[in-house]
Amino acid sequence: MLVSLQLLAVSPDIARTAHAFPSRAAHWVSHVGLRFSSLIFDQPAGSIFAPQATPARSIFSLSLLVLGICTVIFLIVAGLLLFTLIRYRHRRGYTQREPAQIYGSTQIELSWTVIPILIVVVLFLATARVIFVTQTAAKPSNALDVVVIGHQYWWEYRYPKLGVVTANELHIPISDTKQPRPTYLTMLSADTDHSFWVPRLAGKMDLIPNKVNTMWIDPEKPGLYLGQCAQYCGVQHAKMLIRVYAQSPADFEAWIKQQQLTAAQDVNVAHGRAVFEGNACANCHTISGTTAHGAFGPNLSHLASRDTIASGAVPNNAQNLRAFIDDPAHFKPGVLMPAMHLTDHDLDAVTQYLLTLH
Amino acid sequence: MATQTQVIVNPARQRGWLDHVQDWVTTVDHKKIGLMYIGYALIFLVIAGFEAILMRIQLLVPNNHFVSPQDFNRLFTMHGTTMVFFVGMPILFGFGNYLVPLMIGARDMAFPRLNAFSFWVSAFGGLLLYFSYFAGSGLYGAGTAPDVGWFAYAPLTARVFSPGHSTDYWTLSIFISGIGSIGTALNIVATTLCMRCPGMKLSRMPLLVWLYLVTSGLVFVTISPLTAAQIMLCIDRYLGGHFFDTQAGGSAVLWMHFFWIFGHPEVYVLVLPAFAFANEIIPVFSRKAIFGYPAMVAASVGIGFVSLSVWAHHMFTVGMGPGPNAFFTFSTMVISVPTGIKIFNWLATLWGGNIHLTTPMKFAIGFLFQFLIAGLTGIMLSVSPFDWQLGNSYFVVAHFHYVLVGAILFMIFAAFYYWYPKMTGRMLSDKLGSWHFWLFLIGFHLTFDFMHIPGLEGMPRRIYTYEADRGWTLLNQIVSSGAVFQAIATLIFVWNMVVSYFKGEKAGPDPWDAWTLEWSTSSPPPSYNFATLPVVESRRPLWDRKHPEEPDAQYE
């Protein structure tokens, strides 16, 4: 039942055309189908059945084949089971002492051994093709390189050829079918295992300490693609959210230019900067052009250009930023950043300073 | 036979409760040990079920504060560890202990004292795990119960990420229960190979016994790497080893290989006994011999061997490269062939039969239906690119609960309804059993059917909370609501067992008109099982006795 509902859900067009049928049953079926498809599709996080990049799309096509085969097997076997139960259940008028005893049949058993073997071979060949196409795709020379480093409860993104380091919000260019420009991600971990999963772009890939993994994505449409860490990594595994911003080439270039600038230096917030540099903040965070060179926490050089803080946990605004600096565990219990116990005055000052870092 | 029992116990002496305790603590009788295994597993089933309910309450609404993230992580670690090691294994070993000697016409297991030792060691392992709630913080004040997940991936278990002693309790309790598991497996293998009654060739052995033989063989092979890995982890944590300590150049992937070469065959260690129960229950209530006995044996042994070559399908997202991904895709798909043979043979057993929908049969039919779906979602997961999306999501959680609850637990319930009369001499109430079945079936499907969908929408497992804008809320609420039905159904089941023990209908030796040897002795069987050892000439000795004009031996 579930499998068939999923199939209904992945084909909303079919469900919609069913409205044309006059019968109430068809209407009801289409209604349920629409409800289920809305459960799956109308979400910004997006489902694996709404792919927006080549890796996710090739998985999607393969999954339709697999779902199709499985649905057929399910209908046949479940149908047989149901029929057998109805046809051969005990009835009151049953006069025989025992039914005829049948001990087996080599021919029949051979048939339900050979047919599954054939199905397995077909499925395996289709699968092997997608494995090799995805994992051994030749890397175009214009591909963008990004190093993704998983940390306990946040993501570090480094653009080695562009000299940009940022955190938690990955910006990449869209890839045209005429002029493909995929983004190649090199996956590393600074501490425990993590997994990078943005369902609409690609399958997940783990980030494992002492191991270098790679994956690639090539979103076609500009937009925000959501995902999150998919390998249990510690207390705040749940709030290690992923935001991928796919941008038009022009927007992406503009973003890169902005990120390459040295962090803003505004005399109006000099006190806030002094608080930042004079406290332990500087031990873990980097802000370019200052004495803060820490590497344990996210690079904050352009913090104000981000939409969210705390790895996507809350929107980036003065109120949330101040609350997070005051007590990081308020939004993310178990976060590794300690509460700095700043005075209200210093807290306001450092918040104001961070808000200038566009 | 009953009079002989009277002779052994001196009726003149009043027996106090301490005598009963002493009886049970010092017993080496396979039936009493089996019952203790089962009782112990049932207690842990209730505890781990309660943990599941706490998690489902936490996931009712996004950003819930019902439990802290730390507590949630402990809950899923303890739920998984308990269900696999202290519910699944002991309850299946319990039935095996009870049934294997009876079904092969033996008077006890091959090594009764080893049997008692294995039970008490395993039981101690479970207590040690839960003792961590009191002692896990040690001198560090960090963490109580383990919170590393039931497969405890390195390097989360390294001391730097898991200070305190909670991870040590996890390691040691699994290590210790593993000793018990190996002891019992050894015992079952020795018993089936050496203690069969006259006439019972291997080719006449009941399928249940065959499956327990395969299961025990798998336990041998798989518990060893697990135990080795636990020792290596202890060396890492206390003797400065660096097997899994990535900060010092160790390998996180090595742990995954060690764990899953245990972990995947472990699934078959748990599911083969469920197949075993189905092999006994489905024929009896279809009133037909099992269809294709040799194929069933071959399929079981085949599954046992192939299951040793599929472990890395748990690691498709680890970055293994296309070659290994393709290999483990293929080996995993291959296992669906013998599994399919089993399903078709059960269907063929039902076909043409005279199907009595008693409570054990209802659960067995539920098992067939749900195992079919679990197998199909298993095929989806074996397709490694599909797994890159589905792996570690709620789809996987739904898939393996379909196996563990929909197939294994359903079959365990069936086994309770089927063999409870043998164990206690009283029938379980059919009416309560019906309520139990239907409520549990509704609850199961509400929970685990709908649990697949958030996985397809990007919800990973093991998150203590989720974002409100992802559209997972309603689905999680449906999933949680099913837990209520399952909890009520389980309470009905427990109530049924208690009430029927005192007031149930008297069962007699053979209430189901069945065909295997355990039904030829009284219910409950005397401590020596059989006054005279039975002699068998076919796979269904009681069929031969009931149908002397048409014995099985003519057709096998």
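The values are calculated or read from the model by the stated rules, or taken from the named source; none is laboratory data. Source: prediction; values computed, not measured. Virtual Cβ from ideal backbone geometry, glycine too; neighbours counted across all protein chains shown.
Side notes on the structure shown:
- Filter result (surrounded by fewer than 24 Cβ atoms within 10 Å (Cβ to Cβ), in a loop (DSSP other than H, G, I, E, B) and of a type in the set (Asp, Glu)) within the stretch B:455-469: B:Glu467
- Some residue of the stretch A:166-173 being surrounded by 20 or more Cβ atoms within 10 Å (Cβ to Cβ), of a type in the set (Ser, Thr, Tyr), without any contact (Cβ under 8 Å) to a residue 40 or more places away in the chain and more than 11 Å from chain B (Cβ to nearest Cβ): no
- Residue check for B:Phe371: in contact with a Ser or Thr (Cβ under 6 Å, 6 or more places away or on another chain), among the hydrophobic types (A, V, I, L, M, F, W, C) and in a helix (DSSP H, G or I): no
- Condition check for B:Leu428: in contact with a helix residue (DSSP H, G or I) (Cβ under 7 Å, 6 or more places away or on another chain), buried (at least 23 other Cβ atoms within 10 Å of the Cβ), closer than 28 Å to B:Lys31 by Cα and not small (Gly, Ala, Ser): yes
- Residues in the stretch A:124-143 that are touching a residue at least 60 places away in the same chain (Cβ under 8 Å) and more than 7 Å from every other protein chain (Cβ to nearest Cβ): 5 in all.
- Taking the conditions (1) at the interface with chain B (Cβ under 7 Å from one of its Cβ atoms); (2) under 23 Å from the mean Cα position of the chain (by Cα); (3) among the polar types (S, T, N, Q); (4) assigned to a helix (DSSP H, G or I) in turn, A:Ser47 satisfies each one other than (4).
- Residues located in the stretch A:84-113, provided they are part of a helix (DSSP H, G or I), within 9 Å of chain B (Cβ to nearest Cβ) and among the hydrophobic types (A, V, I, L, M, F, W, C): A:Leu85, A:Ile108, A:Trp112
- Looking across the stretch B:399-411, the residues that are in contact with a Gly (Cβ under 8 Å, 6 or more places away or on another chain) and closer than 26 Å to B:Thr359 by Cβ come down to B:Val403, B:Leu404, B:Gly406, B:Ile408, B:Phe410.
- Tabulated pairs, the stretch B:344-364, first acidic (Asp, Glu) and part of a helix (DSSP H, G or I), second at pLDDT 95 or above and surrounded by fewer than 23 Cβ atoms within 10 Å (Cβ to Cβ), C-beta under 7 angstrom, 6+ apart or interchain: none
- Any hit, the stretch B:406-423, residues being over 25 Å from B:Ala152 (Cα atoms), in contact with a Pro (Cβ under 7 Å, 6 or more places away or on another chain) and of a type in the set (Phe, Trp, Tyr): yes
- The stretch B:60-100: number of residues that are out of contact with any helix residue (DSSP H, G or I) (no Cβ under 8 Å at 6 or more places or on another chain) and outside any helix (DSSP H, G or I): 2
- Tally of residues being more than 7 Å from every other protein chain (Cβ to nearest Cβ), in contact (Cβ under 8 Å) with a residue 60 or more places away in the chain and under 29 Å from the mean Cα position of the chain (by Cα) across the stretch B:449-471: 4
- Top-ranked residue in the stretch A:233-263 [being within 10 Å of another protein chain (Cβ to nearest Cβ) and in contact with a His (Cβ under 9 Å, 6 or more places away or on another chain); ranked as farthest from A:Leu170 (Cα to Cα)]: A:Cys233
- Among the residues making up the stretch B:300-322, those that are surrounded by fewer than 23 Cβ atoms within 10 Å (Cβ to Cβ), under 13 Å from B:Tyr268 (Cα atoms) and either among the aliphatic types (A, V, I, L, M) or without any contact (Cβ under 8 Å) to a residue 60 or more places away in the chain (or both) are B:Val301, B:Gly302, B:Phe305, B:Val306, B:Leu308, B:Ser309.
- Residue under evaluation B:Phe93, criteria (1) closer than 20 Å to B:Val479 by Cβ; (2) in contact with a Phe, Trp or Tyr (Cβ under 9 Å, 6 or more places away or on another chain); (3) touching a residue at least 24 places away in the same chain (Cβ under 8 Å), criterion not met: (1)
- Residue satisfying condition, being buried (at least 23 other Cβ atoms within 10 Å of the Cβ), facing chain A (nearest Cβ under 8 Å) and either of a type outside the set (D, E, K, R) or not in a strand (DSSP E or B) (or both), within set B:Asn325, B:Asn279: B:Asn325
- Residues of the stretch A:307-328 that are assigned to a loop (DSSP other than H, G, I, E, B) and either small (Gly, Ala, Ser) or touching a Ser or Thr at 6+ places or on another chain (Cβ under 8 Å) (or both): A:Ala310, A:Ser311, A:Gly312, A:Ala313, A:Asn316.
- Number of the exception - A:Asp206 against (1) more than 8 Å from chain B (Cβ to nearest Cβ); (2) among the acidic types (Asp, Glu); (3) crowded, with 24+ Cβ neighbours inside 10 Å: (1)
- Lone unmet requirement of (1) more than 14 Å from chain A (Cβ to nearest Cβ); (2) over 22 Å from the mean Cα position of the chain (by Cα) for B:Gly292: (1)
- Top-ranked residue in the stretch B:472-482 [being more than 10 Å from every other protein chain (Cβ to nearest Cβ) and buried (at least 19 other Cβ atoms within 10 Å of the Cβ); ranked as farthest from the chain's Cα centre (by Cα)]: B:Asn476
Condition check ((1) in contact with a strand residue (DSSP E or B) (Cβ under 6 Å, 6 or more places away or on another chain); (2) buried (at least 21 other Cβ atoms within 10 Å of the Cβ); (3) within 14 Å of another protein chain (Cβ to nearest Cβ)) across all residues:
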{"site": "B:Phe86", "(1), (2), (3)": "no, yes, no"}
{"site": "B:Phe111", "(1), (2), (3)": "no, no, no"}
{"site": "B:Ala116", "(1), (2), (3)": "no, yes, no"}
{"site": "B:Gly125", "(1), (2), (3)": "no, yes, no"}
{"site": "B:Leu128", "(1), (2), (3)": "no, no, no"}
{"site": "B:Phe161", "(1), (2), (3)": "no, no, yes"}
{"site": "B:Ser166", "(1), (2), (3)": "no, yes, yes"}
{"site": "B:Ile174", "(1), (2), (3)": "no, yes, no"}
{"site": "B:Ser177", "(1), (2), (3)": "no, yes, no"}
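- Selection of the stretch B:140-159 for residues being away from chain A (no Cβ under 13 Å) and either among the hydrophobic types (A, V, I, L, M, F, W, C) or within 30 Å of B:Gly34 (Cβ to Cβ) (or both) yields only B:Ala145.
- Of all residues making up the stretch A:59-72, the number that are surrounded by fewer than 19 Cβ atoms within 10 Å (Cβ to Cβ) and within 7 Å of another protein chain (Cβ to nearest Cβ): 0
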